[in-house]
1. Which residues, taken from the range 24-43, are modelled with pLDDT of 70 or more, part of a helix (DSSP H, G or I) and over 12 Å from the mean Cα position of the chain (by Cα)?
2. Looking at (1) part of a helix (DSSP H, G or I); (2) modelled with pLDDT of 70 or more; (3) surrounded by 14 or more Cβ atoms within 10 Å (Cβ to Cβ), find the lone condition where residue 21 falls short.
3. For residues that are of a type in the set (A, V, I, L, M, F, W, C) and touching a strand residue (DSSP E or B) at 6+ places or on another chain (Cβ under 8 Å), scanning just the range 54-75, find the one that is nearest to residue 44 (Cα to Cα).
4. How many residues does the range 45-67 contain that are more than 17 Å from residue 86 (Cβ to Cβ) and assigned to a helix (DSSP H, G or I)?
5. Which condition number in (1) over 20 Å from residue 8 (Cα atoms); (2) of a type in the set (Val, Ile, Thr); (3) out of contact with any Phe, Trp or Tyr (no Cβ under 9 Å at 6 or more places or on another chain); (4) surrounded by 14 or more Cβ atoms within 10 Å (Cβ to Cβ) is the one that residue 46 fails?
6. Is there any pair linking a residue in the range 49-72 that is in contact (Cβ under 8 Å) with a residue 12 or more places away in the chain and among the basic types (Lys, Arg) to one that is in a loop (DSSP other than H, G, I, E, B) and surrounded by 10 or more Cβ atoms within 10 Å (Cβ to Cβ), with Cβ under 6 Å and at least six apart or on different chains, and which?
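The values are calculated or read from the model by the stated rules, or taken from the named source; none is laboratory data. Keep in mind that this is a model prediction, so the values were computed, not measured. A quick note on method: Cβ atoms are made from the backbone with ideal geometry, for glycine too, and the neighbour counts reach across all protein chains shown.
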Amino acid sequence: MLFYNRLQLIRFFLVLICFDQMTTSTTKTCWPELVGKIADEAVQVIKEESGLSKVHVCGPGSRTTRDIDDERVRVYVDENDRVTTEPIIG
């Protein structure tokens, strides 16, 4: 598997961690079913299911910090406002 940049590699490992938590924990930490959905719809679902208030939509080219925050979910969207990657807590 070829990774084009560090961000892809980090997202890959976060997905693995998310999958592991899904199989061992009852608390939801990721939302793979939201890929392809409209951003506003995805944000609403995440807020309802997680109870988190820090759900940020990040458009193409958005700058983000590299810190991990267990009370934040970033929703990455394309130019059509559709979710492009699986939203994950962190």
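1. Kept after step one, since they are modelled with pLDDT of 70 or more, are these residues of the range 24-43: 27-43.
Checking the rest, the ones that are also part of a helix (DSSP H, G or I) come to 32-34, 39-43.
Correct list: 40, 41.
2. Only one criterion is unmet by residue 21, namely (2).
3. Step one: list which residues in the range 54-75 are of a type in the set (A, V, I, L, M, F, W, C), which gives 55, 57-58, 68, 73, 75.
In the following step, the residues that additionally are touching a strand residue (DSSP E or B) at 6+ places or on another chain (Cβ under 8 Å) were identified as 55, 57-58, 73, 75.
Details: 55: 9, 57: 11, 58: 15, 73: 12, 75: 11 Å.
If we take residues in the range 54-75 being of a type in the set (A, V, I, L, M, F, W, C) and touching a strand residue (DSSP E or B) at 6+ places or on another chain (Cβ under 8 Å), then 55 is nearest to residue 44 (Cα to Cα).
4. Here the count works out to 1.
5. Going through (1) over 20 Å from residue 8 (Cα atoms); (2) of a type in the set (Val, Ile, Thr); (3) out of contact with any Phe, Trp or Tyr (no Cβ under 9 Å at 6 or more places or on another chain); (4) surrounded by 14 or more Cβ atoms within 10 Å (Cβ to Cβ) one by one, residue 46 breaks only (3).
6. 54/71
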